[in-house]
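Here's the structure we're looking at; comments come further down.
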Amino acid sequence: MSTDQDHRSSERRAEDRLWRFWVSIAAGTFVVVSLLVGLIVLPLRDEARFDPWGAICRAIGIRKDGSTVTKKSSDPPASSVTWSAGTRLALLGASPESGSTIVKETCAACHGETGVSVDPQQFPNLAGQTEEAIFKQLRDFQTGARVSDIMAPIAQTLTEAQTRDVAAYFAAQKRVEAVGSSPSASANIVELAHIGAPARGIPSCYSCHGQNRSGPEEAPVLFGQSASYIEDQLKKFASAERRNDMFARMRTITKQLSPEEMHGLAIYYGDGGAAKP
Amino acid sequence: MPAERQAVNYRVKNLILAHIGVSFATLAAAAVLGAWQMTVRTGVNPPFATPETYFASVSAHGTIMGYVMPTLFTMGFGYFVAVTALDQPLPSMRLAWAGFWLAAVGIVAAIIPIVMGKATVLYTFYPPLTGSVFYYLGVLLVVVGSWFWVALMIWAMAHWKRNNPGRPVPLAMFGTVANAFLWLWTTGGVAVEIIFQLIPASLGWTQMIDVGLARTLFAWTLHPIVYFWLLPAYIAFYTIAPQAAGARLYSDLMGRLSFILLLLFSLPVGMHHLFMDPEHGTGFKFLQAMLTALVVLPTFLTVFTISASMEIAGRLRGGKGLFGWIAALPWDRPMVLATCLSFVLLGFGGFGGVVNMAYAMNAMIHNTSWVTAHFHLIFGGAVVIMYFAITYWIWPILLEREAADVRPLRLQLWLWFIGIVIMTFPWHVLGLLGQPRRIATFDYANPVIAQWQPWVFVSMFGGYLMLVSALLFVWNIATLYRARPVGDNRMHYAVAVYPPARVPNALNGFALWNWLLLFLMVVAYGYPLGQFFLMDVYPGLVHRVDIGS
Ligand code: HEM
Ligand SMILES: [Cu+2]
């Protein structure tokens, strides 16, 4: 009787072992094959050269050299501006009229009374720039998120409400003629602007800076700016000297651009048809 | 076969009635909100329509339909199965009632802030949006209450196995405990998110919140929760529907396998909700997509087994030929009708699900009305229609009364079916046309979207049919209280064609499967979650909706 039971329970144990064995084999094989395909085989197809390590890194979302962009989570946020309902409502209530008086006294000497800069190489044109973009930059000058020896002391004389009024005033001015794309721009620059370079993780410039922008609120209009100003900013993002872009968007993108591409894009956006290559 | 006929006693009646009663009371309220939301979306501006009220309403509707209604139903049905299938009292009535009251307090705590407009964060509460802390605490209480149920189900099965060594656990209970384990695993992600991210943020203890981490933790929960909702329906397919059709279950083993596979393949797959998210690379998305695809195994097993069981029933009733058995089925019985309607809805919904699951096609319908249409079809349709049918089956047993006329029951089920089809088919189309979900107002005067409006109207009509059906359901249950007493409270589960005398340990418990699941979860989520602690992260600024007033 007892031997019979022993027999049965040892049979059970053998059966359990069998289940454990085959279940482990099946699950293990499935996982290993899926990981091989997902981490190596598929990403390798997009790699220009045979580079398994690069493929794995891309598949788990990091760069091959292990670098990530610039900032630690303990750092302060890139900007203190948030696009909350409060910010938007306040911007809606801004007054271009009172902005106009402030501009005459404070901004006109460099940026021009109607936002057409006296020296576009140095001082950006503000006419027709979006209200959000101007507001965000002024706030960032005030808080030091964007560093400038010239703009910081000037911006700091404004209250937050005055900042909004100024932004509303410039936004209402007629933009400097937006000439459109330069006929001299090379095909790859046009493609970068319109389509981006997905393989390098670069979205198109248009997706945020285009006419029907669906991107972040603060993304400025680029047409109508001077090429050298744009190129200067791209370089500053690339070196992380300028770091007030939320979520390090521009730092991430510019890090991927070559100096020639920055130059080309700056001309594409900046000088339009008037560009002399 | 003593497991065949059991009486509901052991003083659990009120416990079950309380759970399922509250579940359907909230469903009725949420159905009213749903119909109102549909009306708002047509652009006709019903009373009270503002964006604020719309999002408050969707938050309440989603919270109830997603967390409250199915959880309480599953708990109630689980208690029912535990006493009837095992023929033993619950291990602890006190614990069961404690779980119920925790959940009940949680429901009230969660709904009040929504009504006050302080927690219009929608049931997915994606940060950086945060609402009143009471909302999160309320949801957490519902979850904690349900953990009491989990403990009781596992305990009850362990107790039974000790007293019945070597005997197979009855299939209904096996499925219920599979669901209990599934729920325990499922709630892990959202509980961590609520406790460590959302509550500190909503209290103002933290100003920054890691949105990627929060989304990943939520995705952990978001997929398996669907299977938690679904499993009671599956339990009914296997253990009640064949009985209702007057036959036997084709295979007990298939049922066990299906429940185990559902447990395994519902959990390590949630990242398919993050296909379009930037915080993860493609590698682990691919692994989880592969694991997602494995859900076809239990699905096909079930479709096959239940169809075979129904065929047996049809042939026993004299059905002949290739399809004659279908006509011979007892369609007048609500459970049989609901099972068939549910299968049809599952078929439609499964088609949409394959589209969602495909990495490339997902991009096309991501965040459009397609998604809302899909889960209403699967969950609101295929699953909830089985909740109705289960209730029609067990409520009379609990009351020891019998409905004199089942026509209103069948009418209710048909209305629900037709309503969901009319509601969700145009909704899918709208998704393909690009209509975003979770939008309060549409300006149909804009020619770009004017063509949407007729579809929205048709869809709204379906929504009202569903509302009528939900109210008819409440009515049907209410009238049961005055129906003829029958003095019979025995529950009959379907018996398998070949009832197993013994089954391997692996198919009679969950130890092996929980270990395997642990392995799969570590592989699937280890790096995707770990990366947030390894590399530089960019938390978002917390955005509070309940500031002021
Ligand atoms: C009378 C029947 C119903 C109607 C008319 C209805 C209608 C709606 C509408 C219009 C929305 C908002 C969609 C949006 O703005 O994107 C919604 C959301 C939702 N519904 Fe229903 N519904 C009904 C029944 C159900 C049922 C039975 C369930 C599940 C059991 C359910 C689950 C949900 C969930 C979870 C959401 C939240 C979606 C979100 O937050 O985006 N609904 N429903
Ligand atoms: Cu899912």
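Ligands, DNA and RNA are left out, and with a 1.4 angstrom probe the accessible area of chain B is 37 Å² per residue.
Can you give me the relative contact order of segment A:85-171 as a percent, contacts being Cα pairs under 8 Å and 6 or more apart? If you can, show how the numbers build up before the last one.
Working: 109 pairs, mean separation 35.9, N = 87.
The value is 41 percent.
Give the residue from A:V147, B:H273, B:G540 lying farthest towards the positive end of the charge dipole for the protein assembly as shown; charges sit on Cβ (+1 for Lys and Arg, -1 for Asp and Glu) and the dipole is referred to the Cα centre. Projecting each Cα onto the dipole axis, the largest value belongs to B:H273.
What's the magnitude of the charge dipole for the protein assembly as shown around its Cα centre, counting Lys and Arg as +1 and Asp and Glu as -1 at the beta-carbon? Answer in Debye, nearest 20. Before the final figure, lay out the partial values.
On the way: 57 positive and 48 negative charges, 520 e Å.
I would put it at about 2500 debye.
Relative intensity of segment A:187-269 on a log10 scale, I(q)/I(0) at q = 0.11, 0.17, 0.21 Å⁻¹, equals -0.25, -0.63, -1.03, per a Debye sum over C-alpha point scatterers of equal strength in the absence of solvent. With only Cα atoms counted, segment B:271-417 has Rg and Dmax values of 19.3, 60 Å. Helix-only arithmetic for the protein assembly as shown: the sum of -39500 (n - 2.57) across DSSP H runs with n ≥ 4, divided by the residue total, places the mean residue ellipticity at 222 nm at -20000 deg cm²/dmol. Per atom type, the protein assembly as shown shows carbon and sulfur on 66% of its accessible surface, probed at 1.4 Å. Kirkwood radius, segment A:218-258, all distinct C-alpha pairs, inverse of mean reciprocal distance: 10.5 Å.
For segment B:11-102, would you read off the P(r) tail past 21 Å as a percentage of all alpha carbon pairs? Every Cα pair in segment B:11-102 considered, those over 21 Å come to 45 percent.
Entry for segment A:12-60 at q = 0.17, 0.25 Å⁻¹: log10 I(q)/I(0) = -0.57, -0.82, Debye formula applied to identical alpha-carbon scatterers, no solvent contribution. In the complete set of protein chains, residue-level accessible area for B:F73 is approximately 0 Å², probe 1.4 angstrom.
Anisotropy class assigned to segment B:414-549 is oblate, per the alpha carbon gyration tensor with a/c at or over the 1.5 cut-off and a/b no larger than b/c. Taking only the alpha carbons of segment B:37-163, we obtain Rg and Dmax values of 18.3, 63 Å in that order. Label positions at A:V118 and A:D46, each projected 7 Å from the Cα along the C-beta direction, are separated by 5.0 nm.
Averaging Cα coordinates gives a centre for segment B:59-93 and one for segment A:32-60; these two points are 45 Å apart. Using alpha carbons only, the radius of gyration of segment B:71-230 set against its Kirkwood radius gives Rg/Rh = 1.05. Normalised Debye scattering of segment A:79-234 at q = 0.09, 0.20, 0.21 Å⁻¹ gives log10 I(q)/I(0) of -0.31, -1.38, -1.48, counting only Cα atoms as equal scatterers and leaving out solvent. Identify, among B:M65, B:V190, B:M357, the residue whose Cα sits farthest towards the positive end of the charge dipole of chain B, taking +1 on the Cβ of Lys and Arg and -1 on the Cβ of Asp and Glu, with the dipole about the Cα centre. Of the listed residues, the answer is B:M65.
A loss of 30 Å² or more of accessible area (1.4 Å probe, protein heavy atoms, ligands and nucleic acids excluded) relative to the isolated chain is seen in these residues of segment A:217-252: A:F247. Take segment A:187-269 with all the other protein chains still there, run a 1.4 Å probe, and you get 46 Å² of accessible area per residue. For segment A:12-60, the per residue solvent-accessible surface stands at 65 Å², with DNA, RNA and ligands left out and a 1.4 Å probe. When the C-alpha to C-alpha distance is required to be over 27 Å, the pairs from A:K104/A:K236; A:K136/A:K255; A:K104/A:K136; A:K104/A:K235; A:K136/A:K235 that qualify are A:K104/A:K236; A:K104/A:K235.
Go ahead and run the numbers for FRET between B:Q88 and A:R12, Cβ-Cβ distance against an R0 of 30 Å, rounding to 0.05. Between B:Q88 and A:R12 the formula returns 0.80. Dipole check for segment A:187-269: with +1 at the C-beta of Lys and Arg, -1 at the C-beta of Asp and Glu, and the Cα centre as origin, the magnitude is about 240 Debye. Volume of the convex hull of the protein assembly as shown (Cα atoms only), normalised per residue: 193 Å³.
Charge dipole (Cα centre; +1 on Lys/Arg Cβ, -1 on Asp/Glu Cβ; no other charges) of chain B amounts to roughly 1300 debye. Each of B:T176, B:L222, B:A49 was scored by the projection of its Cα onto the charge dipole of segment B:2-544, and the greatest displacement toward the positive side belongs to B:T176; charges sit on the C-beta of Lys, Arg, Asp and Glu. Here segment A:83-152 and segment B:267-313 have alpha carbon centers that stand 53 Å from each other.
In segment B:207-306, what is the volume of the convex hull around the alpha carbon atoms, normalised per residue and reported in Å³? Enclosed volume per residue, from the Cα hull, is 94 Å³. Each label was represented as a point 7 Å from its Cα along the Cα-to-Cβ direction; for A:L92 and A:A161 these points are 1.9 nm apart.
From the alpha carbon centroid of segment B:185-227 to that of segment B:452-517 is 30 Å.
Would you mind estimating how fast segment A:85-171 diffuses translationally, via Stokes-Einstein at 10 °C and 1.306 mPa s with the Kirkwood radius over Cα pairs, in µm²/s? Kindly include the intermediate steps, with their values, before the conclusion.
On the way: Rh = 12.7 Å.
Result for D is 125 µm²/s.
Residues of segment A:27-51 whose accessible area, computed with a 1.4 Å probe over protein heavy atoms, drops by at least 30 Å² once all protein chains are present relative to their chain alone are A:A27, A:F30, A:V31, A:S34, A:L35, A:G38.
Geometric descriptor of chain A, per residue, is 199 Å³ (volume of the convex hull of the Cα atoms).
The Cα-based radius of gyration and maximum Cα-Cα distance (Dmax) for segment B:392-473 are 17.9, 59 Å. Shown here: chain B, whose C-alpha atoms stretch 63, 50, 44 Å along the first, second and third principal axes, sorted largest to smallest.
What quantity of accessible surface, computed with a 1.4 Å probe and excluding non-protein components, is buried in total between chains A and B, in Å² to the nearest 100?
Between A and B, the summed buried area is about 2800 Å².
For segment B:257-339, the fraction of C-alpha pairs more than 14 angstrom apart is 71%.
The values are calculated or read from the model by the stated rules, or taken from the named source; none is laboratory data. Keep in mind the model is a prediction, meaning the values are calculated, not measured. Counting neighbours? That spans all protein chains shown, and the Cβs are built from the backbone with ideal geometry, glycine included. When the accessible area is computed, the model is the full protein with side chains, heavy atoms only, and any ligands, DNA or RNA have been set aside. Shrake-Rupley method; radii C 1.70, N 1.55, O 1.52, S 1.80 Å.
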